[in-house]
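Novice: Dropping the structure in here first, questions after.
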Amino acid sequence: MAASPSRRTRTALLSAGAVALVVVGVGTWAWTRDDGGSACSVLREDGRIRTVLGSAYRDDLDCAALGEKLKDSATGSGEGAHSVEQARAMRDIISATGDTLKSDGLALDSALRMPLAEILADYTPDTHEILRRLDFDYEKHLSDGEPWEDDSGVRVTVPNDTLVRVIRAISQDPAAYAVIRIAEGRHAAGKLVAIPARADDLKINLAACGNARTLGSLDGIAADTTAGLSKEKRTRWENQVIEALSAQASSSGIPPYKTDPVGHVTGTWAGKLHVGEVKHFSVTFRAQAVEYVNTWARYRTVEPALLENLAVECRKSATNMYVETLRTLEKK
């Protein structure tokens with residue numbers, strides 16, 4: 001039997017990604033699918049969702065109300081600050097959504113995309129590690145599925161393929177994808193800024209290339225989301241993402257590194273994004289981690305040889321995760 005058009009396209013993109021491991025920086029084509037069916041009613045009846053909502057549950061909740069109540073149950077007072085109960089809610093919401101998308105083959109209703117994106121943005125310290133796939137604690141705690149506490153607070157994990165599948169469904173809305181991308185960008189910049197002044201090369205590499213892995217995974221999701229769209233629709237999706245990200249720099253200007261190092265790193269990259277001027281979306285976004293490193297290094301003592309090596313290694317890391325993410329989505 002002949003392969004379906006979407007499978008043929010994804011295979012071509014995977015091949016292009018593999019070539020990019022050798023010739024880093026080569027652009028790729030992007031496409032999308034339009035899934036059918038509705039996940040809202042199935043999620044509403046899921047036992048995990050009923051438990052998460054508790055007394056707030058009603059069997060007549062529409063999708064918009066369901067999304068807001070789910071967000072209220074899982075989010076805390078700030079990014080990364082959550083109770084164990086809230087972390088369990090996040091775990092169950094993402095797990096139930098992932099199961100519904102995978103087992104039932106349903107699309108994520110538009111009214112659920114932004115609330116779920118805002119939940120994930122609130123858990124960026126966790127989603128960063130899940131997508132990065134280098135933190136042993138996040139792998140270890142998959143066995144019991146329970147949140148745990150470390151020096152930074154309450155942590156929670158879900159399987160990588162579940163998170164990738166849910167972000168992919170959310171990303172049908174470019175504004176929702178941008179929420180996740182912006183939150184990850186801030187977190188990635190924070191990882192660089194937090195590197196101690198006397199850190200060795202390995203510690204710098206882990207932070208910089210770890211960022212590249214997570215951002216590379218989001219790049220793969222973006223490519224899969226726009227797969228199969230007409231050129232006009234693909235450009236519209238990309239421009240909405242660009243507009244949301246560039247607003248970080250245009251709303252109040254780029255702050256000085258001395259007073260706001262995270263804002264400076266994110267704003268310097270975002271300030272280069274202009275609707276209608278980004279000719280190769282995937283190439284531009286897959287360079288984000290390297291651009292972050294270059295901006296950060298201007299204010300730190302970094303040997304030129306190390307900086308050059310970081311650029312090569314970060315590009316490889318981003319491409320590796322880009323390809324792995326596409327392979328994960330191919331299995332759904």
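The values are calculated or read from the model by the stated rules, or taken from the named source; none is laboratory data. Fair warning: this is a prediction, and the values are worked out from it, not measured in the lab. Cβ placement follows ideal geometry from the backbone for every residue including glycine, while neighbour counts extend to all protein chains displayed.
Novice: Name the residues in the stretch 113-137 that are more than 15 Å from residue 187 (Cα to Cα), among the aliphatic types (A, V, I, L, M) and surrounded by fewer than 24 Cβ atoms within 10 Å (Cβ to Cβ), would you?
Specialist: Hits for the stretch 113-137 are 114, 134.
Novice: Right, another one. Could you check how many residues of the stretch 134-145 are part of a loop (DSSP other than H, G, I, E, B) and in contact with a helix residue (DSSP H, G or I) (Cβ under 8 Å, 6 or more places away or on another chain)?
Specialist: Number of matching residues: 3.
Novice: Regarding the stretch 287-300, can at least one residue be identified that is farther than 18 Å from residue 318 by Cβ, surrounded by 19 or more Cβ atoms within 10 Å (Cβ to Cβ) and touching a Lys or Arg at 6+ places or on another chain (Cβ under 7 Å)?
Specialist: Within the stretch 287-300, none of the residues are farther than 18 Å from residue 318 by Cβ, surrounded by 19 or more Cβ atoms within 10 Å (Cβ to Cβ) and touching a Lys or Arg at 6+ places or on another chain (Cβ under 7 Å).
Novice: Name the residues in the stretch 253-277 that are touching an Asp or Glu at 6+ places or on another chain (Cβ under 7 Å) and surrounded by fewer than 19 Cβ atoms within 10 Å (Cβ to Cβ), would you?
Specialist: 275
Novice: Go through 306, 310 for me and flag whichever is out of contact with any Leu (no Cβ under 6 Å at 6 or more places or on another chain), surrounded by fewer than 19 Cβ atoms within 10 Å (Cβ to Cβ), in contact (Cβ under 8 Å) with a residue 24 or more places away in the chain and of a type outside the set (Gly, Ala, Ser).
Specialist: Unique residue meeting the criteria: 306.
Novice: Separate question: Taking the stated definitions as given, is residue 130 farther than 23 Å from residue 331 by Cβ and touching a Leu at 6+ places or on another chain (Cβ under 8 Å)? Walk me through how you get there before you give the answer.
Specialist: Values: farther than 23 Å from residue 331 by Cβ: no; touching a Leu at 6+ places or on another chain (Cβ under 8 Å): yes.
No; evaluated as a whole, the condition is false for this residue.
Novice: Are any of the residues in the stretch 165-174 at pLDDT below 95, among the aliphatic types (A, V, I, L, M) and within 16 Å of residue 94 (Cα to Cα)?
Specialist: No.
Novice: Looking for something modelled with pLDDT of 95 or more, of a type in the set (A, V, I, L, M, F, W, C) and closer than 23 Å to residue 203 by Cβ - is there at least one such residue anywhere in the stretch 274-288?
Specialist: Taking every residue of the stretch 274-288 in turn, none turns out to be modelled with pLDDT of 95 or more, of a type in the set (A, V, I, L, M, F, W, C) and closer than 23 Å to residue 203 by Cβ.
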